[in-house]
Amino acid sequence: MSRPRSGSSRLGRLRTDAVVGVLALQGDFEAHARALAGLGAEARTVRTTAELRGLDALVIPGGESTTMTLGVEREGLADPLREFVRSGRPVLGTCAGLIMLDRDHLGLLDVVARRNAFGRQLHSFEADLDIAGIGAVRGVFIRAPWVESHGDGVEVLAELEGHPVAVRQDNILAVAFHPELTDDRSVHRWLVSTNGGPPA
């Protein structure tokens, strides 16, 4: 897919030594790994607590949030994931990953996400977004959520049809779409840039 012309961006230089984990319990984690590798990062799949060690950042990908929740419970990953996120390292949640981070699941992002807010698989679509601090992005929305409500500490970075679809809270960036399904690496670049999260 073609890449839209980028808008203004506050992303810093790439950290070519970054080691980024991709939660690999369900969803298209391999596409995220390829996107990160294309930026020069070392991408590692994460299925166990041990595989969270030594990471500089983490992706929680899309998929089916109920299945992902069961996988997190089965592997005893809930508390280790909370510890990782609270350490201040950059975390990207995409589509179901946004849901996994919300108040009703891991409780790490002060939002309530509405599942399948834009419709079921049949209603999948693409849309151009301008994400504050990142720039122009083509969003692929598949059974996508939106942010129904959020706390004061959450910054809304982009909206679609009046609903937040990209938000940031401290070291967490959460988007309702699938950035791994286009050739635009702007969202992944946030994870491995010098200002993707708190200063290193």
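Every number here is computed from the coordinates shown, using simple stated rules; none is lab data. Predicted model only: the values in this text are computed from it and were never measured. Glycine gets a Cβ as well: all are built from the backbone with ideal geometry, and neighbour counts include every protein chain shown.
Residues in segment 16-27 that are closer than 18 Å to residue 186 by Cβ and surrounded by 19 or more Cβ atoms within 10 Å (Cβ to Cβ): 18, 20, 22.
Yes/no matrix, rows are residues, columns are (1) touching a Leu at 6+ places or on another chain (Cβ under 8 Å); (2) within 17 Å of residue 183 (Cα to Cα):
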{"position": "39", "(1), (2)": "yes, yes"}
{"position": "46", "(1), (2)": "yes, no"}
{"position": "55", "(1), (2)": "no, no"}
{"position": "63", "(1), (2)": "yes, no"}
{"position": "66", "(1), (2)": "no, no"}
{"position": "69", "(1), (2)": "no, no"}
{"position": "76", "(1), (2)": "no, no"}
{"position": "81", "(1), (2)": "yes, no"}
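Results for (1) under 24 Å from residue 186 (Cα atoms); (2) in contact with a Gly (Cβ under 6 Å, 6 or more places away or on another chain); (3) in a strand (DSSP E or B); (4) without any contact (Cβ under 8 Å) to a residue 24 or more places away in the chain, shown as yes or no for each residue.
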{"position": "76", "(1), (2), (3), (4)": "no, no, no, no"}
{"position": "88", "(1), (2), (3), (4)": "yes, no, no, no"}
{"position": "100", "(1), (2), (3), (4)": "yes, no, no, no"}
{"position": "104", "(1), (2), (3), (4)": "no, no, no, yes"}
{"position": "116", "(1), (2), (3), (4)": "no, no, no, no"}
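Can you tell which of 96, 136, 113, 166 is touching a Ser or Thr at 6+ places or on another chain (Cβ under 8 Å) and buried (at least 24 other Cβ atoms within 10 Å of the Cβ)? One residue alone meets the criteria, 96. Within segment 130-153, the set of residues being touching a Leu at 6+ places or on another chain (Cβ under 7 Å) and either closer than 12 Å to residue 111 by Cβ or assigned to a strand (DSSP E or B) (or both) comprises 131, 137, 139, 140, 145. Scan segment 38-74 for residues that are part of a helix (DSSP H, G or I) and either in contact (Cβ under 8 Å) with a residue 12 or more places away in the chain or of a type in the set (Ser, Thr, Tyr) (or both) and the total you get is 11.
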